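Let me begin by presenting the structure, written as structure tokens, before commenting on it.
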Amino acid sequence: MPPRTRRTALLTAAAALVAGALAWPADAAPTTFVHPGVTVSQSQLDFARGKVNAGAQPWKGAFDQMLASKYADLNRTPKPRAVVECGSYSNPNYGCTDEREDAIAAYTDALAWYITRDDRYAKKAIQLMDAWSATITDHTNSNAPLQTGWAGSSWPKAAEIIKYTYTGGWAGSGRFATMLRNVYLPEVINGSNSNGNWELSMMEAAVGISVFLEDRTSYDKAMAKFRTRTAAYVYLASDGSVPRTVPSQNLDTTAKIVAYWQGQSTFVTGLTQETCRDFTHTGYGISAISHIAEASRIQGQDLYGTDVGERLRQALGFQAKYELGTAVPDWLCGGSLKLGLGPVTEVGYNALHNRLGTAMTNTQTLTERNRPAGSNNLFVAWETLTHGDNPS
């Protein structure tokens, strides 16, 4: 095809995608929400507990790793702030790290409670959640939406386990729900036109919060944004000559799309919008996709067998191949990649390979090499324990 003809075709394809190729069917919230139901279900927790108590690997090793971490420290003192201020790359950092790590600690303690039945862990999780729900009123500065998404992804996972499995009671659960509804949900529910990992993390928080609040309207809105963003984050050859886009971003020319994809102009299946930025941020996006798909499955709508699952499978496989050491071709990111995907493969690998039987050779090798998967200290934690080879 002559260069001018090919350029015209690319522009036409881009315009068509922006005009309406992203229409998705509505994702209806469940009539009755399942609890605990944010990323990890009670049957998955029961499976993990049984394996740990039997001393089976890799679950026992994963549990020991978790219990030895700073997040399981029963002497931890919560550090809530009324206003958490986070600038770009958390600079300034006024409560950003404290909030994220207290949220991960609450989730860690909730998991520790479930597996050990030691009341001290449940009470520590409650102390952390109560301290923040009594204090925080806002997130500010440029990273506020992302910070809210990260912390807001961990809080409901902890809250779901404690509220629905801890028999000792949680008097502050109502105030905690009010915090999620008034401080977190408004910051994330409308999404972001920044890099895709932002909106995916924000939608993870929105979905989890919606489950805890049993808010069907917010759940539907978050799931619709998630479906659109996932299609725009991971490229499939079936998308055409250019990736799909989010209409509100107005990426209506090939040049704009290439710039948004970090200068990458050759598109191949499994490439993500941030592959050429670095694998760490790509890992954030992939992880959020898997977390939302898992929450959706628990709530009764299995997305793994849909377009979402195929994009997740391809993204995992493409990134895993290079993370494992495959030589980088010149056409990919100028022949250089910044590796470091992080502990983000267990949930998607378990659902797609172990449950659905999909071949995922590179992802399997990377997942097994990295066990036990720990925490990225932002919003991912202990997924070998909760999802490693978990058939539930």
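Counting only trypsin sites (Lys or Arg not before Pro) that are in a DSSP loop and have at most 14 other C-beta atoms within 10 Å, tell me the longest site-free stretch of the chain. List each step's numbers first, then the result.
Working: sites that count: Arg117, Lys338.
With trypsin sites (Lys or Arg not before Pro) excluded where exposed in loops, the chain gives 118-337 as its longest stretch.
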Enumerate the aspartates and glutamates that Lys79 could reach by cross-link, defined here as Cα to Cα under 19 Å, with residues fewer than 8 away along the same chain left out.
-> Asp98, Glu99, Glu101, Asp102, Asp109, Asp130, Asp138
In this structure, the FRET efficiency calculated for Asn193 and Ala68 from their beta-carbon separation, with R0 = 51 Å, to the nearest 0.05, is 0.80
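What does the charge add up to near Gly61, with Lys and Arg as +1, Asp and Glu as -1, over the other residues with Cβ less than 12 Å from its Cβ?
Details: positive: Lys51, Lys60, Arg371; negative: Asp64.
Residues near Gly61 contribute +2 overall.
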Cβ under 12 Å from Arg181's Cβ, Arg181 left aside: what net charge do those residues give with Lys, Arg +1 and Asp, Glu -1?
-> -2
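What length, rounded to one decimal in nm, is gained on full extension from Thr361 through to Asp46, with 0.36 nm per residue of separation minus their alpha-carbon distance? Intermediate results must be reported in sequence, preceding the final value.
Details: separation 315, 0.36 × 315 = 113.40 nm, distance 2.80 nm.
Taking 0.36 nm per residue and subtracting the Cα distance, the gain is 110.6 nm.
For each pair in Lys256/Lys338; Lys51/Lys163; Lys163/Lys221; Lys123/Lys221, compute the distance between the two Cα atoms and list the pairs where it is over 27 Å. Don't skip to the answer; put the middle values down first.
On the way: Lys256/Lys338 23 Å; Lys51/Lys163 23 Å; Lys163/Lys221 25 Å; Lys123/Lys221 34 Å.
Correct reply: Lys123/Lys221.
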Mean shadow of region 219-271, computed from the convex hull of its alpha carbons, in nm²?
-> 3.8 nm²
Bin width 10 Å, alpha-carbon pairs only: give the P(r) of region 122-258 as whole percents, running from 0 to the bin holding the largest distance.
-> 12, 38, 28, 14, 7, 1
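Subtract the Cα-Cα distance of Thr97 and Lys321 from 0.36 nm times their separation in residues, and report this length gain in nm to one decimal.
Values: separation 224, 0.36 × 224 = 80.64 nm, distance 3.17 nm.
Length gained between Thr97 and Lys321: 77.5 nm.
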For region 70-188, count all C-alpha to C-alpha pairs, find those more than 25 Å apart, and express that count as a whole percent of the total.
-> 18 percent
Under a no-solvent Debye model with one identical scatterer per Cα of the chain, what's log10 I(q)/I(0) at q = 0.13 Å⁻¹?
-> -1.04
Quick one: of Lys225/Lys321; Lys70/Lys157; Lys70/Lys124; Lys60/Lys124, which pairs are farther than 20 Å apart, Cα to Cα?
-> Lys225/Lys321; Lys60/Lys124
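Can you check what the net charge comes to around Asn75, using other residues whose Cβ is under 15 Å from the Cβ of Asn75 (Lys, Arg +1; Asp, Glu -1)? Provide the component values of the computation, followed by the final result.
On the way: positive: Lys70, Arg76, Lys79, Arg120, Lys123, Lys124; negative: Asp73, Glu101, Asp102, Asp109, Asp118.
That works out to +1.
Can you tell me how much longer the chain between Gln301 and Tyr89 gets when fully stretched, taken as 0.36 nm per residue apart minus their C-alpha distance, in nm with one decimal?
72.8 nm
Every number in this text was worked out from the coordinates using simple rules, so none of it is lab data. Note that the coordinates shown come from a computational prediction; the quantities given were computed from them, not determined experimentally. Cβ sites come from the backbone with ideal geometry, for glycine too, and all protein chains shown count toward neighbours.
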